[in-house]
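For reference, the structure is listed below as structure tokens.
The values are calculated or read from the model by the stated rules, or taken from the named source; none is laboratory data. The structure displayed is predicted, hence computed values, not measured ones. Cβ placement follows ideal geometry from the backbone for every residue including glycine, while neighbour counts extend to all protein chains displayed. Heavy atoms of the whole protein, side chains included, go into the accessibility calculation; ligands, DNA and RNA do not. Shrake-Rupley method; radii C 1.70, N 1.55, O 1.52, S 1.80 Å.
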Amino acid sequence: SGAAHRPWRLFGAMCLLRLPRITQPLEKEEEEMAALMAQIELEKSHYSDHEIRKLEEEKQLKRRKESLYDEDEAPGKTVIMAQDLEEKWEQKFLRFKAAPRITDADKSNDRTSLNRKLDSNLMLLVKQKIGNQELWLLPQVEWQPGETLRNTAERAMATFMGDHIQAKILGNAPYGIYKYKFPRAIRTEDNVGAKVFFFKAFLQSSDLSQAKLKADHLWVTKKELGDYLKSEYLKKVNQFLLD
Amino acid sequence: QMALVQNQLLCSFSSCSSWLPQRVPLRGNHWQSSLLELRTSLPVRAQPKKKKKVDVKKEQAQKERMKKKIKKLEKAAPELIPIEDFITPLKYSESNRVRSLPALSPEESERRVLLLKKWSLFKQKQDEAEKKAIKALVESQQEALKELRLESEELYQAAIRRDEALFPFERDGPSYTPPLPGYDPPEGKCIDITKVYTQ
């Protein structure tokens, strides 16, 4: 198949996604529904052992306050009440400090950091030179004969991120295509334009300190892509990205 | 004296004893284990044979009975393993367990019904959006494969080949808060007390 001369140059590009690490905040309807479900569950349930113990202890306390004979109720012996246990648990819970959902990178809008926007997908964008322009693109590399397009995409990832990236590529087939014709000045009979095939991969390792990032790079969400990509390119990329 | 009498009798009847001296007592049968012993009882041969036959028959009958019992047990259907989740323990159906809450007001039930309707609409929109996104994804992939085929058949075949390393695909789901760096979880041992049934 090498004999037939194709007018289109082939490129393989990799869309590297960092998957979300925390849950997205609930919508208003979802919150209302969750509250209703909890209420219905409480109404339909029976008392648990802990609750029965609590009710009986409350009755005992009431009797003790009202009655005059409270000597027969185990004098001198301290009994742990269910209410005390609950307070102890509450205190323990309040002492624990969880990691914040909105990180420092979020506050400073540091788009090169991976710790930003932990509840959405982040995509890698690199600055590449196409023709005589510097553009923000998904990392891409030209296809060489003898390799499959998936290998081209892997090579693109390795070129920009270094070899120690652990990513799970989702299958052998491309997810999207961006076709463009070269400007008239460069266009010839055999070199009409280029076809960029996009592949998708999930980033497995969260620690990228070892990665040698050779060019300017950014990690952006789907909504922020519009700030960097050209409209036609963006349209094709948006088709295969699930928010 | 008895032995000598016996000796003479044996000497006259048995041919192998002709070369032996007269004085040595012979052991004519195996019931007389020592040469100097006097025979005190008659050799009983007939009884043991009867015992053997009856024993063998009895044993065989026993074996057959055991086999029949085993077959009967095997034919009976195996006992069903109870699903413990479906059996509520009796202590939870006592009357003191029933929760006492005020009854629902009509406004409350009205609000609930309206909320359920809003929820079903919300879920319908969510489902439609998901299906639309999946359709766009599939369309985009089909277009890419079509263009690839126009370019080169070989690359196309390599692209539509199944990726064996993709499945089983494992991923940890997101949590409410991100992992705390340097967190030391409390020590503890988990003892599994589930009952295991065998059929």
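Tell me, what is the 1.4 Å probe accessible area of residue B:63, in Å² to the nearest 10?
Number for this one is 130 Å².
Taking only Cα atoms and a 10 Å spring cutoff, compute GNM fluctuations for chain A and point out the largest among A:89, A:143, A:219.
Answer for the Gaussian network model of chain A: A:89.
Of all the accessible heavy-atom surface of chain A, with the other protein chains kept in place and a 1.4 Å probe, what percent is carbon and sulfur?
Using a 1.4 Å probe with all protein chains present, chain A comes out at 51 percent carbon and sulfur.
State the volume of the convex hull built on the alpha-carbon positions of chain A, expressed per residue in Å³ and rounded to an integer. Kindly include the intermediate steps, with their values, before the conclusion.
On the way: hull volume 53.0 nm³, N = 243.
Residue-normalised Cα hull volume stands at 218 Å³.
Measure nothing but the geometry: give the 0 to 90° angle between the long axis through the Cα atoms of A:82-95 and the longest principal axis through the Cα atoms of chain A, rounded to 10°.
Tilt of helix A:82-95: around 30 degrees.
Once you compute Rg and the Kirkwood Rh from C-alpha atoms, what is the Rg to Rh ratio for segment B:73-199? The partial results should precede the final answer.
Details: Rg = 28.1 Å, Rh = 24.2 Å.
So for segment B:73-199, dividing Rg by the Kirkwood Rh gives 1.16.
Can you give me the long-range amide H partners of residue A:199? Hydrogens built in the peptide plane at 1.01 Å from N, cutoff under 5 Å, separation of 5 or more residues or another chain.
Hits under the 5 Å cutoff: A:13, A:14, A:15, A:175.
Once phi is turned into ³J(HN,Hα) by the Karplus curve 6.51 cos²θ - 1.76 cosθ + 1.60 with θ = phi - 60°, what whole-Hz value does each residue of segment B:96-110 show in order, with x for glycine and proline?
Once θ is set to phi - 60°, the couplings for segment B:96-110 become 5, 7, 5, 6, 10, 10, x, 5, 6, 7, x, 5, 5, 5, 5 Hz.
Determine ³J(HN,Hα), in whole Hz, for all residues of segment B:183-198 in sequence, where each value follows from phi through the Karplus function 6.51 cos²θ - 1.76 cosθ + 1.60 and θ = phi - 60°; x replaces Gly and Pro.
Per-residue couplings from phi come out as 7, 10, x, x, 6, x, 10, 9, 9, 7, 10, 5, 7, 10, 9, 10 Hz.
Compute log10 of I(q)/I(0) for segment A:105-183 with the Debye formula, placing one identical point scatterer on every Cα and leaving out solvent, at q = 0.11, 0.20 Å⁻¹, to two decimals.
Listed by q, the Debye log ratios stand at -0.40, -1.15.
Please go through segment B:114-178 and write out the trypsin sites (Lys or Arg not before Pro) that DSSP classes as loop and that have at most 11 other C-beta atoms within 10 Å. Each step should come with its number before you reach the end.
Working: sites: B:117, B:118, B:123, B:125, B:131, B:132, B:135, B:146, B:149, B:161, B:162, B:171; in loops: B:161, B:162, B:171.
Passing both the DSSP loop test and the Cβ count: B:162, B:171.
Explain nothing, just compute: Karplus ³J(HN,Hα) = 6.51 cos²θ - 1.76 cosθ + 1.60, θ = phi - 60°, for every residue of segment A:96-113 in order, whole Hz, x for Gly and Pro.
Result, rounded to whole Hz: 7, 10, 7, 5, x, 6, 9, 8, 4, 5, 5, 5, 8, 6, 7, 7, 8, 8.
Among the listed pairs A:28/A:107; A:179/A:222; A:97/A:127; A:59/B:195; A:129/A:235, which are separated by more than 30 Å between their Cα atoms? Don't jump to the answer; show the numbers that get you there.
Numbers: A:28/A:107 24 Å; A:179/A:222 21 Å; A:97/A:127 39 Å; A:59/B:195 37 Å; A:129/A:235 21 Å.
Beyond 30 Å between Cα atoms: A:97/A:127; A:59/B:195.
Please identify the longest segment of chain A free of exposed GluC sites (Glu not before Pro), where exposed means a DSSP state other than H, G, I, E or B and no more than 10 other Cβ atoms within 10 Å.
On the way: sites that count: A:71, A:189.
With a cap of 10 other Cβ atoms within 10 Å, the longest stretch comes to A:72-188.
So how much accessible surface do A and B hide from each other in total, probe 1.4 Å, in square angstrom to the nearest 100?
Numbers: alone 17340 and 21210 Å², together 33730 Å².
Summing both sides, the interface buries roughly 4800 Å².
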